[in-house]
1. Restricting the stretch 215-266 to residues that are out of contact with any Pro (no Cβ under 6 Å at 6 or more places or on another chain), among the hydroxyl-bearing types (Ser, Thr, Tyr) and in a helix (DSSP H, G or I), which is nearest to Ala365 (Cα to Cα)?
2. Go through the stretch 73-112 and report how many residues are at pLDDT 80 or above and either closer than 19 Å to Arg295 by Cα or not β-branched (Val, Ile, Thr) (or both).
3. Checking the condition closer than 30 Å to Ala75 by Cα, at pLDDT 95 or above and charged (D, E, K, R), which residue from Glu290, Glu229, Glu280 passes?
4. Of the conditions (1) modelled with pLDDT under 95; (2) over 20 Å from Thr61 (Cβ atoms), Asp337 fails just one. Which one is it?
5. Among the residues of the stretch 7-50, write down those that are in a helix (DSSP H, G or I) and either on the phi > 0 side of the Ramachandran plot or in contact with a helix residue (DSSP H, G or I) (Cβ under 6 Å, 6 or more places away or on another chain) (or both).
6. Cβ-Cβ below 8 Å, separation at least six or inter-chain, first residue in the stretch 150-168 and within 17 Å of Ala236 (Cβ to Cβ), second among the aromatic types (Phe, Trp, Tyr) and modelled with pLDDT under 90: which pairs?
7. If a residue must be under 28 Å from His62 (Cα atoms), without any contact (Cβ under 8 Å) to a residue 60 or more places away in the chain and surrounded by fewer than 22 Cβ atoms within 10 Å (Cβ to Cβ), how many such residues does the stretch 269-303 contain?
8. When you look at Arg269, is it at pLDDT 95 or above, among the basic types (Lys, Arg) and more than 14 Å from the chain's Cα centre (by Cα), yes or no?
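The values are calculated or read from the model by the stated rules, or taken from the named source; none is laboratory data. Just so we're clear, the structure is a prediction, and the values are computed from it rather than from any experiment. Note that each Cβ is placed from the backbone with ideal geometry, even for glycine, and that neighbours are counted across all protein chains shown.
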Amino acid sequence: MSQRRQLSHDDQVVINPTFKANAPAQYARLRKMGPIHSAQFDLGLTGWLVVGHDLAKEALTHPALAKDSRLASEALTAAGYVLHDPAVGFGRQMLAVDPPDHTRLRRLVSAAFTPRRTALLAPRIEQIANDLIDAMPPAGELDLVESFNSPLPVTVIAELLGVPEDHRNDFRRWSSHALQLASPQHRTALAGLHELLGELIVRKRSTPEDDLLSALVAARDEDDGRLSEEELLGTAMLLVVAGHETTVNLLGNAFLALLLHPEQLHILRDEPELTAGAVEEFLRFDTSVEHATNRYAAEDLMLGGVSIPQGSVVVVALSSATHDTPQADGGAPTVLDVTRPNARHMSFGHGIHYCLGAPLARLEATIALRTLLSRLPELALAAPTDSLTWIGSGFMRGLLSLPVRYRKG
């Protein structure tokens, strides 16, 4: 039986912008100390941080660790979170509920994200990538996040949902701030998305089109109430943000890794057939989803030898667990190797909440990397690495900007 381990306030890990800017080294230090730590998260919320691979898999499937935030309402309210208010949050959606509601909500949208249906998007994704590169001057400097990494996935998810083109600038801007919990723009962004999607739902209800949002409205209105109005809006907001920001930051982290490892960039440019496998390596090396979304203790439990009281917040650090994942080739986790076969990672989670959009993220990243490296034969970082700014709050890991010098082929 696990031994009960008590941690003092002095042992508490503080997840702040300084920590997140150097997250890989911070997590490596924590893993040496143990698989779970007392932690302070955004807005002063306290709880437990799981950093080890084996314990992460256990936590992600633990029957007493639930997703319903009402189980930790006191802790969340004390930290300034407003529960179940979609104007300042994501509302009720599949990442915030447990079975059987989770099963029902996931089933309603899963058909849109199967590998087979996702593969049909490849020609359009390739066209978007080439259009973005066509719009760049022949050579110079630009912010790759602003000019390529962000507009590509936001265009894809906007078209999937059926967001009109005249709304996409707001859509893109609000999406980028929605997950930065300590950002002053966070609540404004969520309120803006809430209003925009609410208006679109009304429009799709009166004039349905061939898009995912119209299909969700139909599920709400025609299928015996299987989707409530709150769930409809919450699901739409989740798809917007998760379908955009995860890929934006996956691309930024991947391009930065290549720019800092030019020999790997040359391999991938010379052997583009390696790109799909290399995407798995980028997901392993520096994933865009640093933390899984919160879990809450439905009862007192023991986790990694630590006593977790009922109502506590438990966060699994997916990026740390990934670097603790044994690799089939025995390679070191700190080494980037785009030729690594079958790179293992936990970037898309584990268990019933495994990322529904994983096939789309993989496809977008593969096409984006292959297209940009092919069409920009000269690509270099245009700023010192210590001047780059990382997202300072929330569960994403990514760069706010990535200045590069380039020349088109």
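1. Checked the stretch 215-266; the qualifying residue nearest to Ala365 (Cα to Cα) is Thr246.
2. Going through the stretch 73-112 one residue at a time, the tally reaches 17.
3. Values: Glu229 fails: at pLDDT 95 or above; Glu280 fails: closer than 30 Å to Ala75 by Cα.
Criteria check complete, one pass: Glu290.
4. (1)
5. First, the residues of the stretch 7-50 that are in a helix (DSSP H, G or I): 9-11, 17-21, 23-33, 42-44.
Result: Phe19, Gln26, Tyr27, Leu43, Gly44.
6. Val154/Phe171; Ala158/Phe171; Val163/Phe171
7. 1
8. Yes.
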